[in-house]
Amino acid sequence: MATLTHPGLRARSRDQAFDRLRGDPAYQAFWLLRVGFTVAPVVFGLDKFFNLLVTWPVYLSPEFNDLIPGSGQTAMYIVGVVEIVAGLAVLLRPRFGAYLVAAWLGGITLNLLVLGEHYDIALRDFGLMLAALTLARLALAADARLPRREASR
C-alpha cells in the first residue's frame with residue numbers, strides 16, 4: 001500500500017532545519033565542517049590537474065610513488081579524482097564521506113611522515129583528520145535529530 005506525504009510536511013521540515021541552524025551550535029558545527037570538507041577536497045582535487053596552488057608531486061614519497069604506475073604527476077591525477085569523490089561524498093552522505101575523508105587524510109599524513117619532510121603539513125593534516133572524524137560523529141547526531149517524514153493515510 002502506497003503512503004502519501006502531507007504537502008505541508010516538507011516545508012515544516014525545512015523550516016525546522018533552518019530553526020536548528022540558527023539556534024543549535026552542534027548543528028552549526030556540523031554544517032561548517034560539512035561545507036569545509038566538501039569544498040576543500042574538491043578544490044584541492046581539481047588543482048592536482050593544474051598545479052596552480054603548488055607542484056603537488058613534491059609531496060609524494062618515493063615509497064608510495066613506486067607503488068603507483070607512472071610518474072608522480074600521474075599519481076596526483078589519481079589523488080585528485082579520489083579527493084573530488086571524497087568531497088562529493090561528504091556533500092551527499094556526510095556520515096560515510098567524513099570517514100572517507102578522515103581515512104584519506106590519515107594516508108596523506110602517513111605519506112608525509114614516510115617522506116621525512118613537511119612535518120608541519122603532516123601535523124595539520126592529522127588535525128584535519130580529527131576534524132573529519134568529528135564531522136562523522138556530528139553527522140550521526142544530526143541524522144538522529146532530523147524531523148522524520150510522517151505518512152498520512
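The values are calculated or read from the model by the stated rules, or taken from the named source; none is laboratory data. Treat the numbers as computed from the prediction; the structure is a model and nothing was measured. Here the Cβ positions follow ideal geometry from the backbone for every residue, glycine too, while neighbour counts run over all protein chains shown. Only protein heavy atoms, including side chains, enter the accessible area calculation; ligands, DNA and RNA are left aside. Shrake-Rupley method; radii C 1.70, N 1.55, O 1.52, S 1.80 Å.
For region 90-106, what are the residues that are in a helix (DSSP H, G or I) and charged (D, E, K, R)?
Arg95
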Subset of region 114-123 (residues that are part of a helix (DSSP H, G or I) and surrounded by 15 or more Cβ atoms within 10 Å (Cβ to Cβ)): Leu115, Ala122
Sole residue being open to solvent by 40 Å² or more (accessible area, probe 1.4 Å), in a helix (DSSP H, G or I) and of a type in the set (Val, Ile, Thr), chosen from Thr38, Thr74, Thr109: Thr74
Top-ranked residue in region 124-153 [being touching a helix residue (DSSP H, G or I) at 6+ places or on another chain (Cβ under 8 Å) and part of a loop (DSSP other than H, G, I, E, B); ranked as modelled with the lowest pLDDT]: Glu150
In region 124-140, residue least open to solvent (accessible area, probe 1.4 Å) [restricted to those that are free of Cβ contacts under 8 Å to residues at least 60 places away in the same chain and in contact with a Phe, Trp or Tyr (Cβ under 8 Å, 6 or more places away or on another chain)]: Ala136
Close pairs (6 angstrom Cβ cut-off, 6 or more residues apart or separate chains): more than 18 Å from Gln73 (Cα to Cα) and at pLDDT below 95 in region 24-47, open to solvent by less than 70 Å² (accessible area, probe 1.4 Å) and among the charged types (D, E, K, R) anywhere: Tyr27/Arg20
Sole exception among (1) farther than 21 Å from Phe126 by Cβ; (2) in contact (Cβ under 8 Å) with a residue 12 or more places away in the chain; (3) open to solvent by less than 80 Å² (accessible area, probe 1.4 Å) for Asn65, by number: (2)
Matching entry among Val85, Val54, Val90, Val81 (being open to solvent by 40 Å² or more (accessible area, probe 1.4 Å), touching a Lys or Arg at 6+ places or on another chain (Cβ under 9 Å) and under 18 Å from Ala40 (Cα atoms)): Val81
